[in-house]
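The values are calculated or read from the model by the stated rules, or taken from the named source; none is laboratory data. Remember, it's a predicted structure, so these values are computed and weren't measured experimentally. Virtual Cβ from ideal backbone geometry, glycine too; neighbours counted across all protein chains shown. The protein model used for the area step is the full one, side chains on, heavy atoms only, and it has no ligands, DNA or RNA in it. Shrake-Rupley method; radii C 1.70, N 1.55, O 1.52, S 1.80 Å.
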Amino acid sequence: MSEEQGIYVFCGIQTEKEQSFGTVYFEGQDRDIYTIHYKDAAMVVTKVPMKIYHPSKDNLMMHQKVLSTVMGKIDTLVPISFGNMFHSEEDVIALAESLYPQLEKIFPQIKGKMEVGLKVVGKKDWLEKNINQNEDVMKKKQVVHSKSEAAGYFDRIQLGEMAKNFFQSLQNDIRSEIHEPLTPLAEADKLNDPIGEKMLLNAAYLINRNEEAAFDEKVNELHDRWLDKVDFKYTGPWPAYNFINIKLKVEEPTT
């Protein structure tokens, strides 16, 4: 008995023309990537066995590879999160129809735009040098070291709070010195929570494709200015993940 086939959805694009985006290797074979349409909204899809797909590294890379391929050809792309499966093309049309009021507003907002990300991480030596220059922190360290573990309990709590405030102060400086000079070159920006104790900035920017070179140049200028103090992780282009809020209701596939 043959395995039931379903429709896997990668993203939405704005087009009335049928589109093909080559093939993707998924579930042991190359599968055609094509579009299913409702008005000028199209879902980019492929046919795969109908089951739940887990977000393994290979599966996530496959999903992102297709989005990158589509981005190279289409200037208006709405990403759909990994793992969304439907039983039939009719179900995908119904999805596009239900999303259309949202897509109709989003398409003009992201047309010709892309997302880039910038993470700024403090270098260990520079962070240690800065915190060692903070007299209050150093005095509290001495107090903690001079007491037993039990006697110094509240001092350690205070030291932790002081260290937290110190890093928040550095994060504020980085936002002022690195993030704010970039915002005039972006259509929109978003500050996300830092990941890890050394990360000082975790930002996303929505930029026009024709402004990419100018934005890159500014990032490089800031990088050179801060080279001895922090590391930059500049990524993209990405679909506008941080600037799109799609409410997607998906029926759970049966296994």
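Of note:
- When THR23, THR183 are compared by accessible surface with a 1.4 Å probe, the order from highest to lowest is THR23, THR183.
- Rg of the Cα atoms in region 18-116, relative to 2.2 N^0.38 Å, amounts to 1.07.
- Cross-link table LYS65/LYS111; LYS119/LYS198; LYS39/LYS65, entries beyond 22 Å C-alpha to C-alpha: LYS39/LYS65
- Order of exposure, largest accessible area first, which applies to PHE166, PHE243 with probe 1.4 Å: PHE243, PHE166
- If you plug the beta carbon distance of GLN64 and GLU187 into 1/(1 + (r/R0)^6) with R0 = 22 Å, you get a FRET efficiency near 0.45.
- Note that region 200-215 has calculated 3J(HN,Hα) couplings of 9, 8, 9, 10, 10, 9, 9, 10, 5, 4, 7, 9, 4, 5, 5, 5 Hz, one per residue in order, obtained from phi through the Karplus relation 6.51 cos²θ - 1.76 cosθ + 1.60 (θ = phi - 60°); glycine and proline are x.
- Scalar couplings 3J(HN,Hα) for region 27-43, obtained by applying the Karplus form with A = 6.51, B = -1.76, C = 1.60 to θ = phi - 60°, are 6, x, 7, 6, 10, 5, 10, 9, 10, 10, 10, 9, 6, 9, 9, 10, 9 Hz; x denotes Gly and Pro.
- From phi via Karplus (6.51, -1.76, 1.60), per-residue ³J(HN,Hα) for region 90-103 in Hz, x at Gly/Pro: 4, 5, 5, 4, 5, 4, 4, 5, 5, 7, 4, x, 6, 5
- For THR76, residues with placed amide H under 5 Å, excluding near neighbours: GLN14, GLY112
- Peptides 47-53, 123-129 ordered by average Cβ neighbours within 10 Å, highest first: 47-53, 123-129
- Solvent-accessible surface of region 158-224, taken per residue with a 1.4 Å probe and all protein chains present: 55 Å².
- Inter-centroid distance (Cα atoms) of region 187-241 relative to region 18-54, Å: 31
- Ligands, DNA and RNA are left out, and with a 1.4 angstrom probe the accessible area of region 40-84 is 43 Å² per residue.
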